[in-house]
Amino acid sequence: MIAFHDHLPVIELASGQAVAFERDWLVRSLARAASRAGYAKWWLAEHVAESVTAYLREQAELNVMPVDRLTTAVQSVLQVIGYSEVARHFKPAPHRERVSLVDLARTAGTGYELAFFDLLGRRIQDLVGSESCDFEMHGLDRCVRLLCASKSWSRSCDALRGEIVAFTREHAISAAIRCEVTFTLL
């Protein structure tokens, strides 16, 4: 028998890909739906997500849940609590992609900042290819030390860190003109 994390089923996306259910993913999806329905700071997103998470834990016989079934369950909860306008706008957010900046730096090679920025730009373009995207880039400080070939933090590390942050923001903002983009840089 396979034991799933927190006794939650995996979610089968429309593409056929199976991903782990993440409560934060549902909170982001609910917040987006509420925002589209006119609620800028909707305080119930956390509570609704917790209710749906509890419901999923009770579905012990269910190992894989199609995203359409999850969508229907969430919309039903929203309608029952009197937020049918949020239910109408609810659509699961894209699954958060995780990108290792350290891996990009290693691919570029130590000291090759131009190659790194080229790889980073192409990776961001790949991520924003759909109508909306959500990504997390992690390992920023370690990536900077790799590119600077430095064991300890220096002024040049500070400068490069700032360049990477600015580059990522610029590319995400330009992509946001075509689609909805959410990202985290850690």
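Tabulated data
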{"quantity": "Cβ pairs under 7 Å, 6+ apart, first in the range 91-102 and farther than 20 Å from A14 by Cα, second assigned to a helix (DSSP H, G or I) and not aromatic (F, W, Y)", "calculated": "V99/R123; L101/L140; L101/C143; V102/R142; V102/C143; V102/L146"}
{"quantity": "Verdict on A73 being in contact with a helix residue (DSSP H, G or I) (Cβ under 8 Å, 6 or more places away or on another chain) and either under 24 Å from F183 (Cβ atoms) or basic (K, R) (or both)", "calculated": "no"}
{"quantity": "Pair list, Cβ under 7 Å, 6 or more apart: the range 62-85 residue under 19 Å from R36 (Cβ atoms), other residue among the aromatic types (F, W, Y) and surrounded by 15 or more Cβ atoms within 10 Å (Cβ to Cβ)", "calculated": "T71/F90; V74/F90; Q75/F90; L78/F90"}
{"quantity": "Tally, over the range 58-77, of residues that are over 17 Å from Q17 (Cα atoms) and either aromatic (F, W, Y) or modelled with pLDDT of 85 or more (or both)", "calculated": "7"}
{"quantity": "Output for the range 78-105, where each listed residue is surrounded by fewer than 20 Cβ atoms within 10 Å (Cβ to Cβ) and more than 23 Å from the chain's Cα centre (by Cα)", "calculated": "Q79, V80, I81, G82, S84, E85"}
{"quantity": "Members of the range 143-167 found to be farther than 13 Å from E113 by Cβ, open to solvent by 50 Å² or more (accessible area, probe 1.4 Å) and outside any helix (DSSP H, G or I), listed by number", "calculated": "K151, S152, W153"}
{"quantity": "Number of positions in the range 168-186 that are surrounded by 13 or more Cβ atoms within 10 Å (Cβ to Cβ) and in a helix (DSSP H, G or I)", "calculated": "6"}
{"quantity": "Neighbours by Cβ (under 6 Å, 6+ apart or cross-chain): first from the range 45-57, over 13 Å from Q75 (Cβ atoms) and at pLDDT 95 or above; second charged (D, E, K, R) and not in a helix (DSSP H, G or I)", "calculated": "none"}
{"quantity": "Some residue of the range 106-115 being in a loop (DSSP other than H, G, I, E, B) and under 23 Å from A20 (Cα atoms)", "calculated": "no"}
{"quantity": "Cross-chain or 6+ apart pairs with Cβ under 8 Å, the range 16-32 first and within 14 Å of W43 (Cα to Cα), then open to solvent by 50 Å² or more (accessible area, probe 1.4 Å) and modelled with pLDDT of 85 or more", "calculated": "V27/E46; S29/K91; R32/H89; R32/K91"}
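The values are calculated or read from the model by the stated rules, or taken from the named source; none is laboratory data. Quick caveat, the model's predicted, so the values are computed rather than measured. Glycine gets a Cβ as well: all are built from the backbone with ideal geometry, and neighbour counts include every protein chain shown. To get the accessible areas, we keep the full protein, side chains included, count just its heavy atoms, and leave off ligands, DNA and RNA. Shrake-Rupley method; radii C 1.70, N 1.55, O 1.52, S 1.80 Å.
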